[in-house]
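*Asks:* Please read through the structure below; I'll follow up with questions.
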Amino acid sequence: MRGLSCGEMPGDRMTVPADKRHNKDPGPKRGQITSIEGIPALSLDAISSVAYGPQAMLVVLATAGAGALAKIEPLTLVIVVLLVILVLSYRQVIEAYPDGGGCYAVSKANLGARPSHLAAASLVADYILTVAVSIAAGVAALVSAFPSLAPDSLWLALGVLGLLTALNLRGIATSARTFLLPTAVFVVGIYVVIVAGLTRSHPAAGAGVHPYTVPKAAAAVGVLLLLKAFAAGSSALTGVEAIANDVPAFREPRARRAMRTEVILGSILGTMLLGLAVLTVRFHIGPGSDQTVLSQITGASVGRGTVYYVVDLATTVILSLAANTSFGGLPVLASLLARDSLVPHVFGLRGHLPVYRYGIVALAVLAALLLIAVNADTNSLIPLYAIGVFTGFTLSQTGLVRHWRRERPRGWGAKAALNGTGAAMTAAATVIFLVTKFTAGAWVVVIAIPGLLLLFSRISRYYAEVGKELGVGVIPEKPRAGPSLVVVSVVAVSRMTKFALDAALSLGDEVVAVSVQFDDDRAKALRAAWDQWGPGVPLEILLSPSRSIVTPMVKYLCSPQMQARAQVLVLIPEVEPRRWRHRLLQNQRGVILANALHRHTEVKVGRAPFRLTRD
């Protein structure tokens, strides 16, 4: 800490306080990106979904036989139509809420507390699943190119998650310009695959693709199966809302740039989905156990050469970066929820680095548990994915309808109709997800979201009760001084004991040192050393043949003479080691004593850390 004044922490000279950047505190470097930079900064979740959305559809369709795989084309067309409606609707969200905030802010402003809590719970589920799905899909893309890595898929996924967590805990900001190159490589690579594939009538030689044999009389596909496939494929629409959540990240004019980025995103995602659906039917691609659908399409279009490996590795990188967006989103959302007393207030705290470390750690732990539970299998995660996202879609669109009706700006009727249509379609899609994917794993989300709502309610009630008991908002009586006694817990005559007595003498009118000893010999040795030192503070020695440090101290502090005192402070000195790993070597005497005194007495307890400085 050399060179820093007292109280100054590393990074203070470089970091602008969050409240001066923006009242939503969405992160560093606000107002910096252009419309094009908004694609890598805020849209990777949506763009990268082409790596698993079409595959999720084919997994469902394949259950009806190879003849059903051709249905991916009309289903993709329906999904693209829904994408267009969502893009237009979120342009309206951006127009109405240029300060950002997402469906939580929109719902809170227009629908009330309970719907906003539902929106927040849906967002939390979405962020966790985004990390798990993106990393699992990225590892699957890597395994498609290097099959020998298949047995280590879970460890690879956890390794990527650990790396992202470490980088975010270090406060290493993600830059839109840094992400621009891999995003461009991925997007251009997918378009090269689509164009090359459209010029072929058969898969490229050596592609390693084994086309599904499609019978001349395709099997009839039931409505329920089509709805299941639609629900699975709609996972490709996740992330469309991210731009509207973070409008202040754009340069001025922010709203106009954000709306332009939303259109660019919709155009890129829509054309890629349609192009890949056409190639899937042309090359008779089906879900395989050893390759992803995107890997098969790439191999069939350009062969297993340099372009294939560039696209495959770019897919892995983009999916990992897409997972990283949640590390910026969920901790900020958690800080807003902490401000509203819906989650523990610790989620609103930041250390000397400008990151919400508790939100980052919580996200990493939950995503890791999810990856372990499904063994990093993307297909097992897809049924869980879209419910929370489309619930947020529905709430934000419904909130916008009420916003337009209340504000009534010019052309509000058309805007309300657009958002109303979007709300109706996404609500219908949510119902489809619940019905068709419930037994496939969606029941987990159906339980998790109400569980989060219950958690929000309990936490909010707790903070309300604590605030009432503390008298928050009520002016208390004026404080008055009274005679005070400071009891210093000591073990031996040492520099740490002198340090604690110095602090005690500056705090109270009267100071007494108290030591718990286990045998007479040690007690006599301490008394002799104390008398020789002569610190001017009386020493009480409590014998404890049972070798308990707690029981004698509690009895002493609960004695009548102590109970008669108006103010009693127990000061517990303890060693603060130079390195964190050395904490395990300390005897934790101070922690044990402090916890016991908190439980069994009414005294005030303070801890005086004696910091070791010598190397």
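*Asks:* For Glu477 and Asp531, FRET efficiency with R0 = 45 Å and r from the beta-carbon atoms, rounded to 0.05?
*Replies:* According to the calculation, E is roughly 0.50.
*Asks:* I would also like to ask the following. How high is the relative contact order of the stretch 484-611, in percent, with contacts defined as C-alpha pairs under 8 Å that are six or more residues apart?
*Replies:* Averaging sequence separation for qualifying contacts and normalising by length gives 29 percent for the stretch 484-611.
*Asks:* Counting only residues 5 or more places away or on other chains, whose amide H sits under 5 Å from the amide H of Ser548 once H atoms are built in the peptide plane?
*Replies:* Here the answer is none, since no amide H 5 or more places off falls under 5 Å of that of Ser548.
*Asks:* Still on this structure, please answer the following. Karplus couplings for the stretch 558-573 from phi (6.51 cos²θ - 1.76 cosθ + 1.60, θ = phi - 60°), rounded to Hz, Gly and Pro as x?
*Replies:* 9, 5, x, 5, 6, 5, 6, 6, 6, 10, 10, 10, 9, 9, 10, x
*Asks:* Quick one: Debye curve from the C-alpha atoms of the stretch 96-205, no solvent, what's log10 I(q)/I(0) at q = 0.10, 0.22 Å⁻¹?
*Replies:* Reported log10 I(q)/I(0), two decimals: -0.55, -1.21.
*Asks:* What Rg and what Dmax come out for the stretch 470-547 when only alpha-carbon atoms are used, in angstroms?
*Replies:* According to the Cα coordinates of the stretch 470-547, Rg and Dmax are 17.0, 55 Å.
*Asks:* Taking the Cα centre as origin and putting +1 on Lys and Arg beta-carbons and -1 on Asp and Glu beta-carbons, what dipole magnitude results for the stretch 484-611, to the nearest 20 debye?
*Replies:* Rounded to the nearest 20 debye, it is 660 debye.
*Asks:* Tell me, what ³J(HN,Hα) does each residue in the stretch 507-522 have, in order and in whole Hz, if you take phi through Karplus 6.51 cos²θ - 1.76 cosθ + 1.60 with θ = phi - 60° and put x for Gly and Pro?
*Replies:* Listing the rounded values in order: 9, x, 6, 9, 10, 9, 9, 10, 10, 9, 10, 9, 8, 5, 4, 5 Hz.
*Asks:* Here's another thing I want to ask about it. Taking the Cα centre as origin and putting +1 on Lys and Arg beta-carbons and -1 on Asp and Glu beta-carbons, what dipole magnitude results for the stretch 400-549, to the nearest 20 debye?
*Replies:* Computed about the Cα centre, the dipole is about 1520 debye.
*Asks:* Please work out how much length the chain gains when fully extended from Arg402 to Arg522, using 0.36 nm per residue of separation minus the C-alpha to C-alpha distance, in nm with one decimal.
*Replies:* 35.5 nm
*Asks:* Something else now. Suppose every K and R has +1 on its Cβ and every D and E has -1 on its Cβ; what is the size of the dipole of the stretch 27-464 about the Cα centre, in Debye to the nearest 20?
*Replies:* With Lys and Arg at +1 and Asp and Glu at -1, about 1080 debye.
*Asks:* Please name which of Val81, Ser116, Ala184 has its Cα lying farthest along the dipole of the stretch 54-198 towards the positive end, using unit charges on Cβ (Lys, Arg +1; Asp, Glu -1) and the Cα centre as origin.
*Replies:* Of the options given, the answer is Ser116.
*Asks:* Separate question: Which is farthest toward the positive dipole end of the chain among Leu369, Ala56, Ala504, measuring Cα position about the Cα centre, with Cβ charges +1 (Lys, Arg) and -1 (Asp, Glu)?
*Replies:* The Cα lying farthest towards the positive end belongs to Ala504.
*Asks:* Hey, can you rank 485-492, 129-136 by average C-beta count inside 10 Å, highest first?
*Replies:* 129-136, 485-492
*Asks:* While we're here: On average over all directions, what projected area in square nanometres does the stretch 56-126 have, based on the convex hull of its Cα atoms?
*Replies:* Answer in nm², one decimal: 6.4.
*Asks:* To the nearest 10 degrees, how steep is helix 412-437 against the longest Cα principal axis of the chain, on a 0 to 90 scale?
*Replies:* Approximately 80 degrees, to the nearest ten.
*Asks:* So how tilted is helix 293-302 from the main axis of the chain? Cα-based, degrees 0 to 90, rounded to 10.
*Replies:* 50 degrees
*Asks:* Here's a follow-up. Suppose the Debye formula is applied to equal point scatterers at every Cα of the stretch 489-589; what is log10 I(q)/I(0) at q = 0.15 Å⁻¹?
*Replies:* -0.70
*Asks:* Let me ask something else. Using amide H atoms built 1.01 Å from N in the peptide plane, name the residues 5+ places from Glu576, or on other chains, whose amide H lies under 5 Å from its own.
*Replies:* Phe610, Arg611, Leu612
*Asks:* Within the stretch 507-615, list the trypsin sites (Lys or Arg not before Pro) lying in a DSSP loop whose Cβ has at most 14 other Cβ atoms in a 10 Å radius.
*Replies:* Loop-located and lightly packed - Arg547, Arg578, Arg579, Arg614.
*Asks:* If each residue's Cβ is checked for other Cβ atoms within 10 Å, how do Cys558, Cys103 rank with the fewest at the top?
*Replies:* Sorted ascending by nearby Cβ count, the order is Cys558, Cys103.
*Asks:* Between Arg495 and Leu77, what is the label-to-label distance in nm when each label sits 7 Å out along the Cα-to-Cβ direction?
*Replies:* For Arg495 paired with Leu77, the spin-label model returns 8.2 nm.
*Asks:* Starting from the alpha-carbon convex hull of the chain, give the projected area averaged over all orientations, in nm².
*Replies:* Mean projected area of the Cα convex hull: 35.8 nm².
*Asks:* For the chain, what's the relative contact order in percent, using C-alpha pairs closer than 8 Å and at least 6 residues apart?
*Replies:* RCO, the chain: 20 percent.
*Asks:* Ok, one more. Taking 0.36 nm per residue of separation and subtracting the Cα-Cα distance, what length does fully extending Arg607 through Val365 add?
*Replies:* Value of the extension gain: 84.0 nm.
*Asks:* Karplus couplings for the stretch 266-274 from phi (6.51 cos²θ - 1.76 cosθ + 1.60, θ = phi - 60°), rounded to Hz, Gly and Pro as x?
*Replies:* Working through the residues one at a time gives x, 5, 5, 5, x, 5, 5, 4, 5 Hz.
*Asks:* Taking amide H atoms as placed 1.01 Å from N in the peptide plane, list the residues 5 or more away in sequence, or in a different chain, whose amide H sits under 5 Å from that of Val490.
*Replies:* For Val490, whose amide H was placed from the backbone, the distant partners under 5 Å are Val514, Ser515, Val516.
Bear in mind that the values in this text are calculations on the coordinates, not laboratory data. Not measured: the values here are computed from a predicted model. Ideal geometry is used to build each Cβ from the backbone, glycine not excepted, and the neighbour counts take in all protein chains shown.
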